[in-house]
Structures are given as structure tokens and as C-alpha cells.
1. Inside the stretch 210-239, can you point out the residues that are part of a loop (DSSP other than H, G, I, E, B) and surrounded by 16 or more Cβ atoms within 10 Å (Cβ to Cβ)?
2. Could you tell me whether D98 is modelled with pLDDT under 85, of a type in the set (D, E, K, R) and within 30 Å of the chain's Cα centre (by Cα)?
3. Would you please list the contacts, defined by Cβ atoms under 9 Å and residues six or more apart or on different chains, that run from a residue in the stretch 343-358 that is touching a residue at least 12 places away in the same chain (Cβ under 8 Å) and in a helix (DSSP H, G or I) to a residue that is hydroxyl-bearing (S, T, Y) and open to solvent by less than 40 Å² (accessible area, probe 1.4 Å)?
4. Just the residues that are open to solvent by 30 Å² or more (accessible area, probe 1.4 Å), among the hydrophobic types (A, V, I, L, M, F, W, C) and under 31 Å from the mean Cα position of the chain (by Cα), please, taken from the stretch 190-203.
5. If the requirement is being at negative phi, aliphatic (A, V, I, L, M) and surrounded by 15 or more Cβ atoms within 10 Å (Cβ to Cβ), which of these qualifies: A375, A350, A386, A390?
6. Given the options L66, L36, L25, L16, name the one that is at pLDDT 70 or above, within 25 Å of the chain's Cα centre (by Cα) and open to solvent by 50 Å² or more (accessible area, probe 1.4 Å).
7. How many of the residues making up the stretch 323-347 are within 26 Å of the chain's Cα centre (by Cα), of a type in the set (S, T, Y) and either modelled with pLDDT under 95 or closer than 14 Å to E182 by Cα (or both)?
8. List pairs: first in the stretch 320-340 and at positive phi, second modelled with pLDDT of 90 or more, Cβ under 8 Å, 6+ apart or cross-chain?
Amino acid sequence: MLSKWGWQLLQLSRKLWVRTSLITLLALITPGLAVLLKDVIPDSLGGAIGSDAAEKILTILATSMLTVTTFSLSVMVAAFNAASTGVSPRATRLLMDDSTTQNALATFIGSFLYSIVGIVLLSADVYGESGRVVLFFMTIGVILLIVVTILIWIEHLSGLGRVGETANRVEDEAYRAVKRCEHHPWLDANQLNDLADIPNDAKAVCTSEIGYIQHIDIKALDEWAEQHKCKLYISSLPGAFVHKDRPLVWLEGSNTQPDKQLLAAFSISDYRSYDQDPRFGMMVLAEIASKALSPGINDPGTAIEIIGRGVRVLSNWPPENCQSEVKYSRVWAPEVKLDDLFDDFFTSIARDGAANIEVQIRLQKAFLALAGYGAAFKRCARAHAAAALARAELAISYQPDIDLLQQLNKQLT
């Protein structure tokens, strides 16, 4: 599991301004390298290429890259708005973290600044004939980078902000979160089967912050517990909404009071994160399906597609007898419940698609498919299949449709 600093560094790397700043820094340094390398190039080569060749190319780049950057930003904003309106506002953050988009904008802005710095240094007559040759070849390299980036960017634009492409990204994030739960079912700590197993003499540790837990630094908690010779029982997993009356963790066996170092192991923000929270990915997938089933959009095909994506993600949930190495012996943590994942994903789809026979048929078939993955899956599938059937019986008036759903439902029993 990532430490808090590692997780924060990962979040920082997803910011648009970080990559843009790195490319910009490179763009500012590169023209200066021509000054350092000018003594390596013979003066005769400068006469063969032409003293003003680099300046003309840089002028064209400075003009065109500003236009391309402005156009790309407008396309990006339009894609974000389309995803927020047609898919889910929670999915828009994935588009904002998209590496291809960030690389394209960073390259365009960096190329623009490279051109500006190069023109300024040329106007100051810093380079000389040899330095101009070095700058010329560096500019050719920048042009090749721009061409490759534009080709990738054009291909990427064809799917940016579309429902299918955005749903792919949400599914991928949900899948990665589920696989993390498979490899770290209790965050590499001891298994806490039930909150009732927390010792009665344990003290609740709460926070004054109000928001969602995004990340828990288990290693920091274990080190704190080792330092203070105590045991810690986590009661709020990533994705939980915490406030002053909801404990983050319970402390047993120490007279030491909780301090800022203990609370700092919990990263709390205004919104949820996909990284340690598989329920969030399933919830966003369900939001996409519910929006598709709304009267204004009326797209049951998308809802049926999302049900298939949810089945794929849930099928990777770790089995009940999953074993995990305990790396942090002084910390106990609960696991995410399969029941909660079923509730997050299927409840809203069954409710909003209650009157749609195609969606209800797909739901019953999805429950039948998931029931084969173990006893826990079968129990959850039966409960949600019965609930979906009950909703359909109230919303659908055509009896043959109800009979068909009842036949599918009987296959689970």
C-alpha cells in the first residue's frame, strides 16, 4: 500500500499544471543548451544552413502553437461539459486526469514557450553562427515531437467525453480498486470481522474535519501504534463520510491521547477518490446507467451495457476464503462488504429501470451470472433479483413480461 506521501505524489502527478510546468521548464532550458554547445559546431555549417533559418521556424511555431493550444483547451472544456451533463460529474475528474490530454497540452504550451525563448535569445544575438545551428536542429526535434503529439491527440479526440469512452475509464478505475482489495483485503493489516469485535475499553478517535476519507496510510498508523505500544482498530474505510461524531479509528491499550500525527494518516477531502474505494467506482457506473434511463435521455442500451461492465468488475471480487499477509500487526481493519457493492451498483439501476423490460431481463441474467461466483455472490444475487422483480411487478402492466422475469428469477432458486 502507498504511504501518504506516495499517494499525494501520485495525485500531484495527475494534475495538468504539473506536466505543463515540466515541459515548460524543459522548453526554457533547451534554447540555452545551444549556447553551451555552440563551440562544438564548426562555423562553416552555420553558413550552409543560413543564419535566419531557425528564427523563421521559431516565429511560425510561436504563432501556430498559441492557436493550437487555445483550440485544444476549448475542446477539452467542451468534452468535460459533455461528460458532466451526459455521463456523470463524478466521471469528469477522470477526464481531467487523462495523461494523453495533459501530454498534448503540455507539449503545445511548452513548444510555444520554447519558441518565445529562442526568439528572444536570437534577438539578443547570444548564439552566434554555431549556436544558431544547434538551435536549428533542436527546433527540428521539437517539430517532430509536435507532429507525433498532434497525431495522437487527433486520434484521442474521437472518443474524449463520449459516454462509451468515459464508461471505459470508470470501469478501469473500479477494476483497479477491486484488484487492490484482492491483493490487500484488509489494507495489509489484521482482519476485523465486525465492528462489534472492537474491545469495549477502546477509545474513539474522531476528527474535526468533515468530508470523505480518500486514503489511509496504514504504515503510519502501525508505526504510531508501535511507538505508543497500543492497538488500533479502523472503523471508517476510504469512501466513508466522517464528522466529529464518527470515529476514524479506535485506540486500545495506551494512556496516550491521539495527536496530529495519528490523524494525519487519514487523508480527508470534499470528494471521494477511486484509489482505495471500490464502492465509488461502482456507484459512478450506476450513475451513468441511471442517467441513461432518465426520461430526458431514454437510452436503455447504455444501461444494459453498464450492467455488463458492472458484472465484469464484480466478477473479480476476491473469494470469501481470501488470505492476506499481515504486514502491520498492530492495526485491525474491516473489509469492504460485497453486499455494499451490490447495493451501490444494482439498487439505483433496478429502481430507475423498473418499467423497462429489456433492462429488467438483463438484470436477472446478470444476477444469474454472478450467483456462480460463490455463496456470498449467490446470497446477494438472490436478494437483489427478488427486489428487482418486485419493482418490475409494480411498474410493468403487461403480464407476459412479468411471467418472463419470474421464470428468469426462478433459475436463481
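The values are calculated or read from the model by the stated rules, or taken from the named source; none is laboratory data. Just so we're clear, the structure is a prediction, and the values are computed from it rather than from any experiment. No Cβ is skipped: glycine too gets one built from the backbone with ideal geometry, and neighbour counts run over all protein chains shown. To get the accessible areas, we keep the full protein, side chains included, count just its heavy atoms, and leave off ligands, DNA and RNA. Shrake-Rupley method; radii C 1.70, N 1.55, O 1.52, S 1.80 Å.
1. Step one: of the stretch 210-239, the residues part of a loop (DSSP other than H, G, I, E, B) are 210, 217, 229-230, 235-239.
D217, C230, S235, S236, L237, P238, G239, listed by residue number.
2. Values: modelled with pLDDT under 85: yes; of a type in the set (D, E, K, R): yes; within 30 Å of the chain's Cα centre (by Cα): yes.
Judged against the criteria, D98 is a match.
3. S348/S290; I349/S290; R351/S290; D352/S290; D352/S294
4. L195
5. Details: A375 fails: surrounded by 15 or more Cβ atoms within 10 Å (Cβ to Cβ); A386 fails: surrounded by 15 or more Cβ atoms within 10 Å (Cβ to Cβ); A390 fails: surrounded by 15 or more Cβ atoms within 10 Å (Cβ to Cβ).
Sole residue among the options that is at negative phi, aliphatic (A, V, I, L, M) and surrounded by 15 or more Cβ atoms within 10 Å (Cβ to Cβ): A350.
6. On the way: L66 fails: within 25 Å of the chain's Cα centre (by Cα); L36 fails: within 25 Å of the chain's Cα centre (by Cα); L25 fails: within 25 Å of the chain's Cα centre (by Cα).
Exactly one of L66, L36, L25, L16 is at pLDDT 70 or above, within 25 Å of the chain's Cα centre (by Cα) and open to solvent by 50 Å² or more (accessible area, probe 1.4 Å), namely L16.
7. Count: 1.
8. none
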